[in-house]
Amino acid sequence: MADKGDGTTARDAGSARDAGTGNVPEKAHEEVPEKAHEEVPERAHEKVPEKAHEEVPGPARDWTDGHVERWLPVLPGLDPDIEGAVTRMKKLTVYLRRIREQSLIDFDLERPEFDTLHKLAGRGGRASPSELAADLDLAPASVTGRLDGLESRGLIRRTPSKKDRRRVDVELTKSGRLIWLGAMDVLGHEEYRLLGVLSKDERAQFSDMLRRIMLVAEEGGGASWR
């Protein structure tokens with residue numbers, strides 16, 4: 001084997017390279033491109049917009065808030081929570097009454113007519129005139145006049161009683177049921193819309209609180225009605 005003149009053979013030189021003692025290629029010593037050392041763009045150091053630190057606005061105010069504020073200086077002993085709750089219940093009652101009145105206009109019903117259809121529907125669509133009179137807290141003669149008007153419009157019919165052929169029963173016709181349901185749906189839709197701002201659990205809690213109040217109001221029959 002040829003001698004390289006420095007005491008090593010070509011095989012020795014090859015073995016040295018294989019063992020990693022050869023020179024590292026110049027490419028391995030190249031510096032990392034300057035781009036890798038560039039600074040982070042200034043935008044990354046920008047501050048969070050001040051808007052993110054703005055305070056969360058308080059709850060929205062309604063008409064009753066102003067009402068309570070006006071009366072507190074006049075009546076220093078006024079409980080703002082009681083006054084607020086009672087005032088809101090009153091205004092809500094008035095609001096829902098207006099919705100109902102408009103629904104009756106839309107379906108060409110007088111309030112007494114709607115009440116009669118409502119009581120009749122509540123008895124399954126069939127009742128005696130005396131039962132309706134009791135439900136409506138009216139004299140039988142007054143109920144007879146209402147039934148005459150509703151029957152002429154095809155909203156109810158009078159048929160012989162199934163229990164006593166000498167008596168008559170009042171039945172809700174298909175047209176009467178549709179008109180009653182239509183008027184009910186208008187009010188019902190608005191009730192669902194209003195209470196829809198509460199969760200299911202909140203609605204249950206709200207109903208329970210009102211029940212506790214009503215139990216006190218109904219003591220001694222003071223707030224009972226049919």
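Name the one entry in ALA139, ALA134 that is more than 24 Å from ARG97 (Cβ to Cβ), open to solvent by 30 Å² or more (accessible area, probe 1.4 Å) and out of contact with any helix residue (DSSP H, G or I) (no Cβ under 7 Å at 6 or more places or on another chain). Break it down into steps so the answer makes sense when it comes.
On the way: ALA139 fails: out of contact with any helix residue (DSSP H, G or I) (no Cβ under 7 Å at 6 or more places or on another chain).
Going through ALA139, ALA134 in turn, the sole match is ALA134.
Going through region 71-107 one residue at a time, which ones are assigned to a loop (DSSP other than H, G, I, E, B), within 30 Å of the chain's Cα centre (by Cα) and surrounded by fewer than 14 Cβ atoms within 10 Å (Cβ to Cβ)? Step through it out loud before you land on a result.
Keep residues of region 71-107 that are assigned to a loop (DSSP other than H, G, I, E, B), which gives 72-79, 107.
Applying the additional criterion that residues be within 30 Å of the chain's Cα centre (by Cα) yields 79, 107.
If the condition is that a residue be assigned to a loop (DSSP other than H, G, I, E, B), within 30 Å of the chain's Cα centre (by Cα) and surrounded by fewer than 14 Cβ atoms within 10 Å (Cβ to Cβ), then ASP79 is the only one that fits.
Here are some conditions: (1) closer than 25 Å to PHE107 by Cα; (2) within 22 Å of the chain's Cα centre (by Cα). LYS174 meets all but one. Which one does it not meet?
Every listed condition holds for LYS174 apart from (2).
Would you check which residues across region 155-166 are of a type outside the set (Ser, Thr, Tyr) and either outside any loop (DSSP other than H, G, I, E, B) or open to solvent by less than 100 Å² (accessible area, probe 1.4 Å) (or both) and list them? Give the steps one after another, and end with the answer.
Initial filter on region 155-166 (of a type outside the set (Ser, Thr, Tyr)): 155-158, 160, 162-166.
LEU155, ILE156, ARG157, ARG158, PRO160, ASP164, listed by residue number.
Evaluate region 144-166: report whether one residue or more is under 28 Å from TYR95 (Cβ atoms), touching a Ser or Thr at 6+ places or on another chain (Cβ under 9 Å), of a type in the set (D, E, K, R) and at pLDDT below 95.
yes
Could you figure out which of (1) in contact with a Pro (Cβ under 9 Å, 6 or more places away or on another chain); (2) open to solvent by 40 Å² or more (accessible area, probe 1.4 Å) isn't true of ASP169?
So the condition that ASP169 fails would be (2).
The values are calculated or read from the model by the stated rules, or taken from the named source; none is laboratory data. Small disclaimer: the values here were computed from a predicted structure and weren't measured. Here the Cβ is made from the backbone with ideal geometry for all residues, glycine too, and neighbour counts use every protein chain on show. To get the accessible areas, we keep the full protein, side chains included, count just its heavy atoms, and leave off ligands, DNA and RNA. Shrake-Rupley method; radii C 1.70, N 1.55, O 1.52, S 1.80 Å.
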